[in-house]
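Worksheet: one structure, shown below.
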Ligand code: BG6
Ligand code: MG
């Protein structure tokens with residue numbers, strides 16, 4: 001088992017880990033679901049977390065049995081419309097919208113010499129980090145447009161460790177989605193799940209909420 005003293009860096013998911021943007025994605029996709037005639041459920045919302053924009057749209061269409069009713073062009077238009085609605089919501093973000101405890105955690109990781117990168121499926125990640133005033137803390141952001149496969153594939157977290165210049169075993173990945181936990185585990189990192197431990201049952205470490213994520217609490221859950 002990886003020891004806490006082996007850890008040199010953190011790879012962060014963004015939506016639902018650093019900022020409460022998962023609810024904005026949910027709101028915008030809910031509008032899309034209404035438009036295409038798919039019933040919106042909490043279960044569907046949960047299954048979209050961590051999933052890329054086009055794959056999320058496909059899941060919404062499949063869920064309403066409309067897989068064949070929309071051309072590629074229609075899908076592009078629906079995804080663009082969703083993103084414009086989403087961007088209107090994230091324009092309002094300020095540093096006040098950082099999830100409880102995460103600014104303190106990021107600052108203390110920085111003060112203690114840990115390196116940090118972003119492993120988010122979102123093409124809006126650079127904009128969100130800027131709005132939150134956090135850009136300077138991260139050595140890099142994996143560009144999701146350059147990936148061959150999205151979460152749950154390990155590629156994004158493998159790349160996030162490369163950005164840090166660290167071996168995967170020296171990295172803890174932080175995630176709020178089940179697809180993301182699979183990606184971290186596949187990349188050979190320690191997975192830290194934030195949220196319901198039944199949904200995130202495959203996480204190495206689990207925290208119910210962001211306010212509980214501190215270096216001290218992580219250390220206490222690992223061997224030293
Ligand atoms: C992930 C979110 O972080 O990014 C997903 O959890 C979202 O809900 C995905 O679909 C892609 O985001 P964007 O901003 O590129 O549409
Ligand atoms: Mg997330």
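Distance between the modelled labels on residue 196 and residue 147, one decimal in nanometres: 2.3 nm (7 Å Cα→Cβ projection).
For the pair the stretch 4-29 and the stretch 156-182, the centres of their Cα atoms are 12 angstrom apart.
Residues 74, 153, 182, ranked from the fewest to the most other C-beta atoms within 10 Å, line up as 74, 153, 182. Computed from Cα atoms, the angle from the helix 22-36 axis to the main principal axis of the chain rounds to 20 degrees.
Treating each Cα of the stretch 22-90 as an identical point scatterer and ignoring solvent, apply the Debye formula and state log10 I(q)/I(0) at q = 0.13 Å⁻¹. With one equal scatterer per Cα and no solvent, log10 I(q)/I(0) is -0.30. Each semi-axis of the equivalent ellipsoid for the chain is √(5λ) with λ an eigenvalue of the Cα gyration tensor; in descending order they amount to 30, 18, 16 Å. With neighbour counts taken as other beta-carbon atoms within 10 Å, the residues 117, 69, 177, 47 rank, fewest first, as 69, 47, 117, 177. Subtracting the Cα-Cα distance of residue 43 and residue 72 from their residue separation scaled by 0.36 nm leaves 7.9 nm. Relative to the current alpha-carbon distance between residue 216 and residue 88, full extension at 0.36 nm per residue lengthens the span by 42.4 nm. Each Cα pair under 8 Å and six or more residues apart adds its sequence gap; the mean of these over the residue count of the stretch 134-224 is a relative contact order of 20 percent.
Angle of helix 72-90 to the longest C-alpha principal axis of the chain, folded into 0 to 90 degrees and rounded to 10: 50°.
Let me have the 222 nm mean residue ellipticity of the chain computed from DSSP H runs of 4+ only, each contributing -39500 (n - 2.57), with the sum over all residues rounded to the nearest 500.
-13000 deg cm²/dmol
When 181, 218 are arranged by Cβ crowding within 10 Å, least crowded first, meaning fewest neighbours, the order is 218, 181. Here the contact order of the chain, divided by its residue count and restricted to Cα pairs under 8 Å and six or more residues apart, works out to 28 percent.
Note the angle between two axes, namely the Cα long axis of helix 155-164 and the longest principal axis of the Cα atoms of the chain, as a number of degrees from 0 to 90, rounded to the nearest 10. Once rounded, one gets 40 degrees.
Bear in mind that the values in this text are calculations on the coordinates, not laboratory data. These numbers come from a predicted model, not from an experiment. Because the Cβ atoms are built from the backbone with ideal geometry, glycine has one as well, and the counts that use them run over all protein chains shown.
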